[in-house]
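Nothing in this text is a laboratory measurement; each read-out follows from the coordinates by a stated rule. Given the structure is predicted, the values throughout are model-derived calculations rather than measurements. Neighbour counts run over all protein chains shown; Cβ positions are idealised from the backbone, glycine included.
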């Protein structure tokens, strides 16, 4: 036994003595020229080793090297070195290798500096690396062609896996500079530090890092830490305690702090994450906090984000409304395999506005398909616009002053004549529903607003618009064809049972008519520029008002005034200037900026009103003639009973602007009509009296003769009288 042990110990001792002699008597720095020569041959770079080289062989096999530089292969670059570092070290335990265990010690890299530059002519200080790689590929291909010996096959399944562990990685004060003159891009990463604790598969490891960087005018800093675990087959990953902080700054943005935290992560398990952002961007102060529960499946094809809460506040002079407070809660599911996104909006509050709904997005088609359904309990557009005006009075004044010179030189006018760019709708496939319980816009108050529309490849289809307003309802549908640069459109609209006067009071501060309104409109046009739209508008509008009044004129009183004027008297004054009606109907034809009608009709127990004329909706002027006839008693219209002017027609002219129309009765025409009627009545009475006298005289002259001769005489006498009173 002793002989056997002695036999085995001799070679082991010889190996140990050889290693010891190598360490003691051989200086690794003697190999610097060889290392430099081989580096030049293999990479094409010149290597400069200023520091010392040291090695160790047992119990670990490793080396460390001091200050080292890799020089640029050519002149013209801003920095002489491509790579330089102060120290690099690596070692591997020897004995575990016999058991297929790769135990790597701490990998250290101190003061690393990497410099990459591309000149304007396209040359780079890494070109020599590319050339060397191409040469190696060519050499490998040549040797493969020359060698036909089959390689020994190795069955990976029969090989037991290696166990790999890492004591750690330490990177201190590293730097990376990338200059690209062709694309005018400069990137610098400085103060790069990275630390990894002991690592082995299936065990938790700690990692920390921090980076400071600059790209062109942007500066940023990132630091973070996490714990992670990776399975031996690299199929499973886990994280815990992830915490990352960042800062970012450029001429328009200053993110003082952005923080992301993740309590844990594992496939098919729920994890809690949080994100906060605080800083300024484009003149806005931003303070946003987000939290959610996330889950990702093992195949990494489905991501679920549940109870995503976003609470934030944004304010600044550049905002149309400031401040903006937001509170949102939603669920999100994204199927990567099907390219499908599903968002359920449980709550979205923006200041006083509240929304809820859902959105689905399919990214698989060539044009993404979007479907959404949004609901809001109440939206007051007027209040929102008022808040926007109050929030930025200085901005409004500045904008108004800036707009004045533009209008004077015609620039603003030219811009207003440009067609809106709807080309984006040609790349959309959107179907939407919007419902609002209460809506106020232009001071009009609506309830139960329902809107359904579709935008598909340049065609905008308002399939449904319905709402209740002022004891009535409104419904509409419309289409806009934006497939060409100048859009065309059609609109159908129906208003039923709407109380007209309160509606006019709210939207136009006008109350000249009351009653129940029913309106049907079918119009079409071309162009969405306001002036051109008015010119190209064409169609038919039918109105039917019932049980109302026209305010501003009391037709019955005007008729009594005409009657009193004819008698040389003065009519009694009335306190209310209005004309009641039981029905008002009209058909209005729109064409080339003018609305015309010739069948305006108003009916009441007293009056019959016929009107005709036109309204120019380009110049916003009106020119109407309304003829009013008395068909009943004047009693009940604020005056005493009289039948003397029954069937008399009173013309009323309505001329002027829409804002201030002038309503005037044509008394001269009415007096002419009255005179004509009275004269005709006197003629009729004189004719009747003369006829009686002629008949009496003929009876005395001819006696009781019933012959045909007597009848002929009477007829001749009657024709003579008609000729006299003609």
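Below is a table of values for the structure above.
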| quantity | calculated |
| --- | --- |
| The range 217-364: C-alpha gyration tensor shape, a/c 1.5 cut-off, then a/b vs b/c | oblate |
| Between the range 55-131 and the range 437-469, the alpha-carbon center distance in angstrom | 67 Å |
| Length gained when the stretch residue 264-residue 448 is fully extended (0.36 nm per residue, less Cα-Cα span) | 61.7 nm |
| Shape of the range 174-290, Cα gyration tensor, a/c cut at 1.5 | oblate |
| Where labels lie 7 Å past Cα in the beta-carbon direction, separation of residue 547 and residue 173 in nm | 9.3 nm |
| Among 165-178, 32-45, the order from most to least packed when residues are scored by Cβ within 10 Å on average | 165-178, 32-45 |
| FRET E, pair residue 126, residue 98, Förster distance 51 Å, beta-carbon r, rounded to 0.05 | 0.80 |
| Projected-area mean, the range 431-512, by convex hull of Cα positions, square nanometres | 6.2 nm² |
| Mean separation of Cα contacts under 8 Å, 6 or more apart, over the residue count of the range 465-548: relative contact order % | 25 percent |
| Alpha-carbon centroids, the range 494-567 and the range 215-245: separation in whole Å | 69 Å |
